[in-house]
1. Kindly flag which residue pairs out of 27/169; 141/196; 107/196; 14/107; 139/326; 14/252 have an alpha-carbon separation exceeding 32 Å in this structure.
2. Full-extension gain between residue 263 and residue 17, please, as 0.36 nm times their residue separation minus the C-alpha to C-alpha distance.
3. Roughly how many nanometres apart are two label points built 7 Å out from the Cα toward the Cβ at residue 343 and residue 326?
4. Could you rank the peptides 106-115, 184-193 by their average count of other C-beta atoms within 10 Å per residue, with the highest value first?
5. In whole Å, how far is the Cα centre of segment 43-85 from that of segment 130-158?
6. Compute the orientation-averaged projected area for segment 39-309 from the convex hull of its Cα atoms and round it to one decimal in nm².
7. Would you work out which of 245, 125, 151 lies farthest towards the positive end of the dipole of segment 39-309? Charges go on Cβ: Lys and Arg +1, Asp and Glu -1.
8. What per residue convex hull volume, in Å³, comes out for segment 54-175 when only alpha-carbon positions are used?
Amino acid sequence: MASLTTEHKYDRLKEVKQFDESQIGVKGLLDTGITTIPPFFHQPPENLPSPQPKNQPRLTVPVIDLSQDRSTVVDEIRGASSILGFFQIVNHSISVTSIESVLKDMKNFYEQTTEYKMKFYNREVEKGVTYSTNMDLYKSKAASWRDTIQVWLSPMEPAWKMVPEMCRKALADWDKAITGLVEELMSILCEGLGIKRDKLKEWSCLEGRLSISHYYPQCPQPELTVGLTAHTDPTVLTVLVQNEIGGLLQVKCGEQWVEVEPVPGAIVVNIGDLLQMMSNDIYRSVEHRVLANNVEGARVSVAHLFNPSNREKLFGPFPELISAEKPAVYHEFLHEDFMRRVLANNIETARVSISAFFSIQATKRGDIYGPFLELKECCKESPVTSHDRCPAFGHLVASSVSLFSTTNILCSLQNLENCICNIYKESTLVKNSDKYFRWRFNLLQKNVSM
Ligand SMILES: O=C(O)CCC(=O)C(=O)O
Ligand SMILES: [Fe+2]
């Protein structure tokens with residue numbers, strides 16, 4: 001890789017592309033014997049760990065014993081979810097052997113020859129299985145020191161053929177075991193909120209499952225980069241197992257970073273952005289990060305991300321948690337609107353913008369949002385209607401078939417154009433581009449907040 005010199009300006013994109021196209025991943029790069037990391041891995045100072053204040057007690061996330069009586073478990077989980085958004089569970093239904101087995105099989109893949117692994121290297125999310133270095137490699141300011149395999153397990157049938165054979169059984173067994181445990185966890189979390197125990201299940205939150213296995217090899221210059229930049233998870237719930245290499249996974253607690261230390265047999269649980277919103281901010285989705293591995297041997301983690309699968313449903317704070325004293329903190333939204341925003345961001349920017357975007361405070365109170373009049377008028381023949389509503393009160397003024405919702409409309413220029421294109425495609429009335437551009441111009445004139 002070229003280095004930064006005064007004679008040759010560093011062409012970051014070219015270097016990133018060259019690395020990506022080499023398909024060797026971070027582990028393959030390390031195996032070439034490098035002693036310094038390419039500059040595109042150098043993180044800006046704000047992403048690097050700063051020295052922690054001295055004389056502060058070393059904090060770790062709570063470890064909750066699931067074999068205690070139910071009400072103690074509910075109280076402890078509610079407490080941890082409301083304050084730190086992170087906890088570990090022990091004495092649950094999954095054996096230490098099953099945890100070790102999934103970690104071992106995933107690690108085994110990463111430790112195959114580079115030539116073997118290259119056959120699987122791809123970052124095409126729509127295929128359902130990816131194996132690459134940093135899914136946001138081309139969007140982020142700097143790359144992080146890890147490789148990742150992502151496998152969608154549900155609601156669609158997993159693309160098993162694309163999963164390395166040595167990982168298939170481990171992932172299928174793990175999915176079964178962890179989904180059973182998460183069903184129980186979700187019921188405890190619902191009980192902690194004082195709502196029906198199977199509410200999260202009813203809202204399809206066990207059905208959108210993504211497995212993410214990260215491999216963090218030793219980094220030759222760990223002070224210059226990270227393993228995974230600080231982020232919150234765009235999920236309902238994330239559960240994760242990690243191997244014995246500790247000191248790297250950290251959760252933000254005020255100004256301090258708290259360690260999630262490896263505990264044999266423990267499963268790490270964290271509240272995602274969606275559950276923060278559904279719980280109307282009772283539970284917290286909290287920033288976490290992984291430092292670059294500075295020791296010999298690789299850190300391996302296997303995360304299971306739980307998302308809703310229902311595409312028609314409007315998600316938002318549970319109605320039972322909205323009252324005059326505690327009004328809704330967020331608008332309702334379709335899960336795909338939410339995901340569109342997640343995918344438009346990189347890992348770092350997502351954490352700042354997403355909850356804020358859906359926050360009611362962020363929108364002008366009193367306004368009624370809905371399809372722009374021009375669009376309604378232009379599409380009389382195809383009944384393109386959507387909710388007109390006042391986001392401040394989440395009040396539906398009129399509703400019929402929802403082609404787009406408030407969030408769609410306000411999302412971004414790109415989404416806005418997608419909406420228009422949807423209508424444009426459907427409309428038998430308007431088929432010429434003049435009109436399309438007039439719409440677009442009108443929309444821009446509306447000064448929609450992006
Ligand atoms: O590897 C880890 O421990 C953290 C993974 C993580 O935070 C994620 O995949 O969202
Ligand atoms: Fe995460």
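Quick note: the coordinates plus some simple rules give every number you see, no bench work behind them. All values derive from a computational prediction rather than experimental measurement. Positions of Cβ are generated from backbone atoms using ideal geometry, with glycine treated the same way; all protein chains shown enter the neighbour counts.
1. 141/196; 107/196; 139/326; 14/252
2. 84.7 nm
3. Result: 3.4 nm between the two label points.
4. Result, highest mean first: 184-193, 106-115.
5. Taking the Cα centre of segment 130-158 as reference, the centre of segment 43-85 is 26 Å away.
6. Approximately 14.3 nm², given one-decimal rounding.
7. Value computed over the given set: 125.
8. 202
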